[in-house]
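The values are calculated or read from the model by the stated rules, or taken from the named source; none is laboratory data. Predicted model, so just to flag it, every value in this text is computed and none were measured. No Cβ is skipped: glycine too gets one built from the backbone with ideal geometry, and neighbour counts run over all protein chains shown.
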Amino acid sequence: MGKKRKHAEASEAPKEEVAQDRPKRTLLGWKDGVPEKQNSSPVFRNREKVLVTCSRRITYRYRHLMLNVVSLLPHCKKDSKVESKESKGATLNELIELRNYSSCLFFECRKQKDLYLWMVKCPSGPSVKFLVNAVHTMEELKLTGNHLKGSRPILTFSSNFDKEPRWKLIKEMIVQIFGTPKDHRKVKPFHDHVFVFSIVDGHIWFRNYQISVPHNETDKVDRGGLDKMTLVEVGPRFCLNPIKIFGSSFGGPTFYENPFYISPNQIRALEKKKAGKYSKKVKAKTRRKMHELSNPLEPDEFADLWKD
Amino acid sequence: MFQFGLALPISNMVALRGKEFQLNEKELEDGNVGGVDDEEFESESESDPEEVAVSEPAKNAVYNKEALLEKLDDIAWPQNIEWIHKLTVDHAVEQEVDVNDDLARELAFYTQALDGTRQAFEKLQSMGIPFLRPPDYYAEMVKSDAHMLKVKGKLLVEKKKIEDAEERKKAREAKKLAKEVQAQKTKERAKRKKEDIESVKRWRKQRQQSGFARGKDEELDLSPDEEKSFEKSKKRRTGVAPADRSGGFKRKGGNEKGRKQREFREAKFGHGGRKGMKKQNTAESTNDFKGFNKDEFSASKRKKK
């Protein structure tokens, strides 16, 4: 298996130059006017192919989220589950190389609770590990929106994606992975949904909206028609918290580490420690003492009535 | 409205780095493990020194900007590719959105999406590419028909719930009103009755004062039993069956259940007619030994012997 060529290289491949020279044939002979539109800029062809898979023992919600993502990306392939072990990276790399994928979304579920998402550019690209929060699948969100399966989404990014190198990198990866290639065979030729990627509070929030334009306006879209446009949410919803960015696919040197990240395990452990029985009792005792000190009893006027 | 309504429970589930952390600590300090009030904790947690330490960034965190940018250059698409390949729109965010305010957050996302879509559509339009789905273009959708049916069902159920609640409320109010109206009516009726009696009394007094002058015949006939005209007359009505001991005053029909019961009892125990004939022996009953146990009788006889 040869390495996948870079896009820039692919565009300058000599093969295409040769193909260009040949005039087009019609039924009656050679066509004279060969369209020469490509010579201004090299041909760019997006050959994105995304592997979507998950770890074993994933819970149903996260699995449904994965299936939702699969239904949103016509250029992806779903594969069988992978054991979530140390060697998962090697396994996945092998799989990716075997099938010639150019990127991968790996949903890793740990302890039946926490979902991590690996967003990987293959074979040499960086990989980002996210913690996925606030997961809502399409099924559980009873939202009224719906859109064509396989129509190309419009990707909207909040402007703070361009502020820092890490966000820039993540944005580029999202554009490549979540954007559907233009001439993909499963693509439908209309645009009726829009993805929102927005950074709020250091997390990337994802939303998916249907674009609904009143029907009579569709034939003659003018400014008026666009003004009447509304959006209806389709789902799913999730929120990505970047943990680490690695240099190569599923591993390699760490380029970025989220300094604010605290793993859910740590949070749970601390919670448990804090919520222990003993500490609760101690706290109750001190609270009682404070209460008694702050509200002293009035001296009893009949206290020494029967003393004699 | 529908979407936003759904968005509400999110913030409680969002485990946001420091926030959840702070929440738990504060909660325990206050000692009320049960009731969680988010806003309160948010506002209080700001001043606590312990939590500041927790949400402080880790010092040894790696952030290799050069390597990141290099990698970005590595994977990036060529700069001069047409926009149609990317379909990306950037949206300038005016101000920071509060993450825990669900409505504000969702609104921010919505405006971003709407604004982005407008820009994108303008670009597409300027390119002259058809981009909107014609109404007669049918193809597979992301959500199946079964799913959409469920969604519709849920909407209908919610609508019905609201309607039912409104109806109940209306009925309650109507009942209250009806009660008042009824009370007023009875009051009025009592008043009228009193007035009638008063007027009759007045009239009698007048007649007495005038010395029972024979003016109008009808009035004279009426006078003896005028007082009893308000009560039911005890006289037997005409056309009443002689067996009816109530003299035709018993309500006809009565309530359905009671009548049925009566009929049943009469069929069972008999009603009217002579009872004597039923209790006398006949030739048949005399010869019928069904009621006796012959064997037992003879056995006891033998024992005695």
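Checked against (1) surrounded by 10 or more Cβ atoms within 10 Å (Cβ to Cβ); (2) closer than 30 Å to residue A:138 by Cβ, residue B:174 meets all criteria but (2). Screening A:159, A:151 for residues that are polar (S, T, N, Q), at the interface with another protein chain (Cβ under 8 Å from one of its Cβ atoms) and without any contact (Cβ under 8 Å) to a residue 24 or more places away in the chain leaves exactly one candidate, A:159.
If we scan the stretch A:193-208, do we find a residue that is at pLDDT 90 or above and over 30 Å from residue B:68 (Cβ atoms)? Taking every residue of the stretch A:193-208 in turn, at least one turns out to be at pLDDT 90 or above and over 30 Å from residue B:68 (Cβ atoms).
The condition (being of a type outside the set (Lys, Arg) and at pLDDT below 85) is satisfied by just one residue among A:70, A:34: A:34. Scanning the stretch B:71-84 finds one or more residues that are within 25 Å of residue A:189 (Cβ to Cβ), at pLDDT below 90, loosely packed, with under 12 Cβ neighbours inside 10 Å and facing another protein chain (nearest Cβ under 7 Å). Just so you know, in the stretch A:111-166 the residues that are among the basic types (Lys, Arg) and either closer than 25 Å to residue B:117 by Cβ or touching a Gly at 6+ places or on another chain (Cβ under 8 Å) (or both) include one that is surrounded by the fewest Cβ atoms within 10 Å (Cβ to Cβ), and it is A:163. In this structure, is residue A:251 in contact with a helix residue (DSSP H, G or I) (Cβ under 6 Å, 6 or more places away or on another chain) and more than 30 Å from residue B:112 (Cβ to Cβ)? Spelling it out, residue A:251 is indeed in contact with a helix residue (DSSP H, G or I) (Cβ under 6 Å, 6 or more places away or on another chain) and more than 30 Å from residue B:112 (Cβ to Cβ). Residues in the stretch A:292-299 include at least one that is of a type in the set (Asp, Glu) and more than 9 Å from every other protein chain (Cβ to nearest Cβ). Among the conditions (1) more than 7 Å from every other protein chain (Cβ to nearest Cβ); (2) closer than 30 Å to residue A:168 by Cβ; (3) in a helix (DSSP H, G or I), residue B:120 misses just one, which is (1). Taking the criterion of being under 19 Å from residue A:110 (Cβ atoms), touching a strand residue (DSSP E or B) at 6+ places or on another chain (Cβ under 9 Å) and assigned to a loop (DSSP other than H, G, I, E, B), the residues of the stretch A:256-286 that qualify are A:258, A:261, A:263. Screening the candidates A:193, A:203 for the property of being buried (at least 23 other Cβ atoms within 10 Å of the Cβ) and more than 7 Å from chain B (Cβ to nearest Cβ) yields one hit, A:193.
Condition test on residue A:289, is it away from chain B (no Cβ under 11 Å), free of Cβ contacts under 8 Å to residues at least 24 places away in the same chain, surrounded by fewer than 13 Cβ atoms within 10 Å (Cβ to Cβ) and in a loop (DSSP other than H, G, I, E, B)? Answer is no for this residue.
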